[in-house]
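Read-outs: derived from the displayed coordinates by stated rules, not from any lab. Here the structure is a predicted model, which is why all the values come from computation and not from measurement. Here the Cβ positions follow ideal geometry from the backbone for every residue, glycine too, while neighbour counts run over all protein chains shown.
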Amino acid sequence: MSARTLRITLIVLAVIGTGLASYLTYIHYAGIEPLCSIKGNPCSQVQKSVYSELAGVPVALIGLIGYVVILGSLLTPEEERLRFVTAALTLGGFGFSAYLTYRELFTLHKICEWCVSSAVIMTIMMCLSIWRYLRGGAPSALGAGGAVAGGQSAGAESPAPLGSAS
Amino acid sequence: MSPVGSDEEDLTRKQRREQARADRKAMEEAAAAGAARRTRLTQLGLVVAVVVVAVVVILIATGGGKSKTPPVVGSSGATSTQKKVAALLGGIPQSGNTLGSPTAPVTLQYFGDLECPICQKFTLGALPTVIQKWVRTGKLRIEYRSLETATREPETFKLQQVAAYAAGKQNKAWYFIETFYHEQGEEDTGYVTEKYIQGIASQVPGLDLATWSADRGDAQLANQIVTDAQAANNNGFTGTPSFLIGRSGGAMSKLEYTNGPEDPTFVNEAVEKLLKA
């Protein structure tokens with residue numbers, strides 16, 4: 001996968017995640033029932049549980065802020081440092097998603113399909129962003145006439161990684 | 001040595017130098033690439049460590065990851081609850097939802113929701129003193145009445161409250177109520193399931209489970225919940241725990257706690273006043 005394709009894939013996933021988190025944030029503040037295909041609407045029970053907020057802040061809003069920041073790091077002209085920031089943010093997002101999934105499965109014994117979708121998206125984003133950071137390579141440009149062409153071969157190393165002591 | 005041979009020797013030497021230079025360059029590049037990769041892995045490792053610590057902190061701060069389900073009957077947790085409840089209630093007469101002597105001069109009506117954490121504070125904090133001081137001595141009887149506040153789903157509220165009242169048909173409602181409050185789960189987590197209710201009932205000493213199960217279908221018990229709600233409404237109660245107190249058979253007055261639900265002083269003072277009247 002070229003660096004450009006990888007970056008675009010991450011942006012698409014971040015946009016989908018932002019959409020999901022926006023919907024859940026809207027649901028939370030509007031006080032309406034979320035759409036749910038599972039009988040008994042476990043999504044609603046999860047959204048109204050004590051775990052739907054962390055220190056008084058809706059977890060949906062925390063997720064929305066997270067996705068927007070990740071999207072911002074992907075839309076900013078690419079450089080080594082930003083690839084690290086994206087990887088770190090998605091790792092944080094994955095950890096938070098893991099915590100929420102744990103609460104759903106082992107505390108609430110309910111599954112919210114919106115939350116699971118977000119967790120899956122965040123997991124894929126984490127894997128891709130870590131791969132993107134570890135393989136290094138020259139920055140990619142989003143536009144067709146970008147200054148730097150994508151398509152660096154996997155395994156190519158950038159000359160000066162962030163914080164490199166060499 | 002011939003001049004031709006010398007040229008060939010020089011060429012080979014030059015080639016060797018170039019080869020060695022190329023090898024050295026390749027090794028340096030490989031070493032640099034390896035160092036860069038190691039640096040990146042170290043950085044990601046640090047991020048992973050920070051994320052793990054953050055998740056653990058959140059887990060502990062939001063309840064330590066424990067899932068409150070009733071202890072398995074016979075386990076140390078269940079045995080501990082059973083011992084505490086037996087020590088608290090043992091030897092005190094019960095009738096339906098009432099704890100204490102039927103001839104006790106003072107009656108306290110306790111409106112509670114079994115899932116209400118403030119009711120738990122009262123039941124576990126203040127009530128043991130009240131029971132020991134007034135109920136066990138035959139001066140006070142306590143009627144437990146229901147009022148839905150903390151329980152989110154009306155069906156769940158009915159399920160748990162009818163189960164308690166069904167134990168009352170065997171004069172063991174207070175064992176059920178006390179056990180429930182001792183093992184109360186986290187609010188809004190949907191922990192009250194049929195399995196949970198069965199687990200509570202299993203810990204009530206001497207409860208005939210077959211009879212109890214059959215009694216849960218008694219429509220009168222469901223009607224009792226409606227009657228309780230009407231009584232609470234008539235007295236303007238919107239929260240739990242709420243209390244009415246008075247001379248048995250006489251008019252009842254509202255009683256409110258002042259120093260928090262764990263402090264039994266407000267009940268003690270009210271009972272003393274009524275006994276003197």
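Cut-off 10 angstrom, C-alpha nodes, Gaussian network model of chain B. Which of B:Pro102, B:Pro117, B:Pro154 fluctuates the most?
B:Pro154
May I ask for the net charge around A:Ala87, where only other residues with Cβ less than 14 Å from the Cβ of A:Ala87 are counted and Lys, Arg are +1 while Asp, Glu are -1?
Details: positive: A:Arg7, A:Arg81, A:Arg83, A:Arg132, A:Arg135, B:Arg37, B:Arg40; negative: A:Glu78, A:Glu79, A:Glu80.
Result for the local shell: +4.
Considering every pair of different Cα atoms, what Kirkwood radius, in Å, is found for the range B:192-277? Before the final figure, lay out the partial values.
On the way: mean 1/r = 0.0616 Å⁻¹.
Kirkwood radius, the range B:192-277: 16.2 Å.
In vacuum, with every alpha carbon of the range A:3-135 counted as one equal point scatterer, what does the Debye formula give for log10 I(q)/I(0) at q = 0.11, 0.17, 0.20 Å⁻¹? Two decimals, please.
-0.39, -0.84, -1.08
Placing unit charges on C-beta atoms (Lys and Arg positive, Asp and Glu negative, everything else neutral), compute the dipole magnitude of chain B about its Cα centre in debye, rounded to 20.
Values: 30 positive and 29 negative charges, 133 e Å.
That gives chain B a dipole magnitude of about 640 debye.
Summing Lys, Arg as +1 and Asp, Glu as -1, what charge do residues with Cβ under 12 Å from the Cβ of B:Glu155 carry, B:Glu155 excluded?
Taking every other residue near B:Glu155 into account, the sum is -1.
For the charge dipole of the range A:3-135, defined by +1 on Lys and Arg C-beta atoms and -1 on Asp and Glu C-beta atoms about the Cα centroid, which residue among A:Tyr23, A:Trp131, A:Pro77 has the Cα displaced farthest towards the positive pole?
A:Trp131
Could you list which residues have their amide H under 5 Å from that of A:Glu53, counting only those 5 or more apart in sequence or on another chain, with H placed in the peptide plane?
A:Val59
Which residues' amide hydrogens lie under 5 Å from the amide hydrogen of B:Gly246, considering only partners 5 or more residues apart or on another chain, with H built in the peptide plane?
Amide H neighbours of B:Gly246: B:Thr107, B:Ser253.
Set the Förster distance to 25 Å, then compute FRET efficiency between B:Lys195 and B:Leu59 from the Cβ-Cβ distance, nearest 0.05. Mind dumping the intermediate values first?
Working: r = 24 Å, r/R0 = 0.98.
Result of the calculation: an efficiency of 0.55.
Is any helix in chain B, taking whole DSSP H runs, at least 18 angstrom long along its axis by alpha carbon and on average at least -1.0 on the Kyte-Doolittle scale, and which ones?
Numbers: long enough: B:3-61 (86 Å, 0.09); B:76-89 (20 Å, 0.18); B:154-168 (21 Å, -0.03); B:219-234 (23 Å, -0.23).
Taking the DSSP H segments of chain B (at least 18 Å long, mean hydropathy at least -1.0), we get B:3-61, B:76-89, B:154-168, B:219-234.
If you build a Gaussian network model of chain B, linking Cα atoms that sit under 10 Å apart, which residue out of B:Ala126, B:Ala173, B:Ala30 swings the most?
B:Ala30
Under a Cβ-only charge scheme (Lys and Arg +1, Asp and Glu -1), can you give me the dipole magnitude of the protein assembly as shown about the Cα centre, in debye to the nearest 20?
520
Please check: in the Gaussian network model of chain B (C-alpha springs, under 10 Å), which one of B:Glu18, B:Glu155, B:Glu256 has the largest mean-square fluctuation.
B:Glu18
Are there cysteines in the protein assembly as shown with no second cysteine's Cβ under 4.7 Å away, and if so, which?
A:Cys127
Inverting the mean 1/r over all pairs of different Cα atoms, compute the Kirkwood radius of the range B:76-276 and quote it in Å.
Values: mean 1/r = 0.0595 Å⁻¹.
Its Kirkwood hydrodynamic radius stands at 16.8 Å.
Would you calculate the volume per residue, in Å³, of the smallest convex hull containing every Cα atom of the range B:99-158? Show your work: numbers first, answer last.
Working: hull volume 4.2 nm³, N = 60.
Per residue, the Cα convex hull of the range B:99-158 comes to 69 Å³.
Can you tally the net charge around A:Arg4? Count Lys and Arg as +1, Asp and Glu as -1, for every other residue whose Cβ sits under 15 Å from the Cβ of A:Arg4.
Numbers: positive: A:Arg7, A:Arg83, A:Arg132, A:Arg135; negative: A:Glu78, A:Glu79.
Computed value for this residue: +2.
Calculate the translational D of the protein assembly as shown in whole µm² s⁻¹ from Stokes-Einstein, where the hydrodynamic radius comes from the Kirkwood formula applied to all Cα pairs, the temperature is 10 °C and the viscosity 1.306 mPa s. Spell out each step's value before the answer.
On the way: Rh = 27.0 Å.
Roughly 59 µm²/s, to the nearest whole number.
Starting from 0.36 nm per residue, how many nanometres of slack lie between B:Glu269 and B:Ser95 once their C-alpha separation is accounted for? Display every interim value, and only then the final one.
Numbers: separation 174, 0.36 × 174 = 62.64 nm, distance 2.55 nm.
This chain segment gains 60.1 nm when fully extended.
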